[in-house]
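Laboratory data are not the source of any read-out in this text; all were calculated from the coordinates shown. This structure is a prediction, so every number in the text was calculated from the model and none was measured. Neighbour counts are summed over all protein chains in view; Cβ atoms, including those assigned to glycine, are modelled from backbone coordinates with ideal geometry.
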């Protein structure tokens, strides 16, 4: 018996690898508007101007490798083993030291620039410690209630604490407490669309903190419900939130 369209889409999305931080599998299946500031371009400009830099939670090294020039001393950290292997293969030929760690195991006052794109957490005190005086932390981060239309479809209404847990005001307060001066802060809410249920499955398998413990088997009924909604009404629309923060060490 031929599988249903739902079963085919789900099986396809279950089978594909979700290693690394490349979302190209979603081309034509989902769209996400990008922040107007252009993080990678801005990061590349800053990297050209410094001698020593550190990229924290570099993932598979995709963003850093997309910068045209790197400083003489460039290090990156990553803790997830599949990403460590990918980042090492991609970045070491460019002279980047890739360290498999969850922390920031470097000495005091080492780096002119510390960067991170979409860090899970931000170790503000450690970042302040490893920055040289006059150095900066530059980061694009996931903002509050990002893609919560999708999260709440599966998990139901979330408490206010969860909805506001990544608010940029919290980042400013934490940076200030660590002794850093915030010199730039920008925030945007951006449209995201999922065109089929396979895109949803892939996204939730890859971005594992959105619906903790997500598996197709566990959420099959909700997935089928969402599949029918997309087939009937068109793309499922959600909104990502992003903020850009730059903080300088006096």
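General remarks:
- Listed from fewest to most Cβ neighbours within 10 Å, the set 245, 230 follows the order 230, 245.
- Listed by Cβ neighbour count within 10 Å, with the fewest neighbours leading, 88, 164 appear as 164, 88.
- Between the helical axis of 168-177 and the longest alpha-carbon principal axis of the chain there is an angle of about 30 degrees.
- Value of D in µm² per second that Stokes-Einstein yields for segment 1-73, Kirkwood Rh from Cα pairs, at 37 °C (0.692 mPa s): 212 µm²/s
- Each stretch of four or more DSSP H residues adds -39500 (n - 2.57); spread over every residue of the chain, this sum gives -10000 deg cm²/dmol at 222 nm.
- Cα gyration tensor shape of the chain, rounded if a/c is under 1.5, else prolate or oblate by comparing a/b with b/c: prolate
- Using alpha-carbon coordinates, inclination of helix 197-206 to the longest axis of the chain, degrees: 30 degrees
- Cα-based helix-to-principal-axis angle, 81-91 vs the chain, degrees rounded to 10: 60 degrees
- Counting neighbouring Cβ atoms within 10 Å and putting the fewest first, the residues 188, 181 line up as 181, 188.
- Note on residue 19 and residue 193: the model spin-label points, each 7 Å out from Cα along the C-beta direction, lie 3.3 nm apart.
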